[in-house]
Amino acid sequence: MGVTETIIRTLLSFLILFILMRIMERKEISEMTFFNFASAIAIGSVAGNLAFNDDLRILNGIISLIGWSLLTLLSGRIVMKSKKARKLMNGEPLIIIKNGKIMEKPLRRVNLDIDTLTALLRQENIFSITEVEYAIFETTGKLSVMKKDNKQSVTKGDMNSINPQQKLLPTITGVVSDGVINTNNLEKLNLNTAWLNQQLRQAGIKTISDVLYAEVQPDHTLYIDSKKD
């Protein structure tokens, strides 16, 4: 492919892509569903091939670009008109925290682990799950959170081994995640597994595998979220 043909293909690809993007609906990246995002990548890939792949005929590239754009527009219109189609193509929002309790099944459906969930909460300036009444995982991948008016009561235990004046960092307060003890965080808090097991027994938890998440609170109490909610 010569220089002249490359220039022509590049200009043509840019012009067609510009026109198509002006015609198609505008959405911020944060508001795009996974389908919108994948479709945009596909259109950009076809445009790139049209510009630099001499094995792709110009007419075929143009047809492919227009075809992808029309299909994307059509699917967008269908999604707007039909709730069933919207659910099929974009999925649906899932409640992953309800009444201050983590919902395990929805959490697994969206492939979120506890560490990722707490990181998403920190992005919303929430540093403890006990502050959350509801958390909804949107189809855009964003977490919508409704805070509690008043924090729920948490399990209290003998915290004599902790300095009451100690300031707890949010990143080290999680001591159990999905049934696994975080011994590093326990050590940073000057705690041990014996203390943790004692708190769990006081809360009626027989085995660590029954605990989805547990964290030490700023007031030096232990919050426990059981798998058997």
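Exactly one residue out of K167, K156, K142, K151 is modelled with pLDDT of 80 or more and not hydrophobic (A, V, I, L, M, F, W, C), and it is K142. The set of residues in the stretch 24-71 that are of a type in the set (K, R) and at pLDDT 80 or above contains only R57.
With a requirement of 3 or more residues that are under 23 Å from S144 (Cβ atoms) and not β-branched (V, I, T), the helices (runs of 4 or more DSSP H) lying completely within the stretch 28-111 that satisfy it span 34-52, 83-90, 104-109. Taken together, S209, S177 contain a single residue that is modelled with pLDDT of 85 or more, under 20 Å from T118 (Cα atoms) and surrounded by fewer than 16 Cβ atoms within 10 Å (Cβ to Cβ), which is S209.
In the stretch 78-94, the count of residues that are within 12 Å of the chain's Cα centre (by Cα) and not acidic (D, E) is one or more.
Within the stretch 193-202, one or more residues are open to solvent by 90 Å² or more (accessible area, probe 1.4 Å) and either modelled with pLDDT under 85 or more than 25 Å from the chain's Cα centre (by Cα) (or both). I95 meets each of the listed conditions (1) at pLDDT below 90; (2) aliphatic (A, V, I, L, M); (3) open to solvent by 50 Å² or more (accessible area, probe 1.4 Å) apart from (1).
List every residue pair whose Cβ atoms sit under 7 Å apart, with the two residues 6 or more apart in sequence or on different chains, where the first one lies in the stretch 46-71 and is over 11 Å from S13 (Cα atoms) and the second, anywhere, is open to solvent by 50 Å² or more (accessible area, probe 1.4 Å). Short answer, once both residue conditions are applied: D54/M1; L56/N49. Given the criteria more than 30 Å from L15 (Cβ to Cβ) and open to solvent by less than 70 Å² (accessible area, probe 1.4 Å), does F127 qualify? No, not satisfied. Restricting attention to the stretch 107-124, the residues that are open to solvent by 30 Å² or more (accessible area, probe 1.4 Å) and more than 23 Å from H220 (Cβ to Cβ) add up to 10.
The values are calculated or read from the model by the stated rules, or taken from the named source; none is laboratory data. In this text, all values refer to a predicted model and were calculated from it rather than measured experimentally. Backbone-built Cβ (ideal geometry, glycine too); neighbour counts: all protein chains shown. The accessibility values were calculated without ligands, DNA or RNA, using every heavy atom of the protein model including side chains. Shrake-Rupley method; radii C 1.70, N 1.55, O 1.52, S 1.80 Å.
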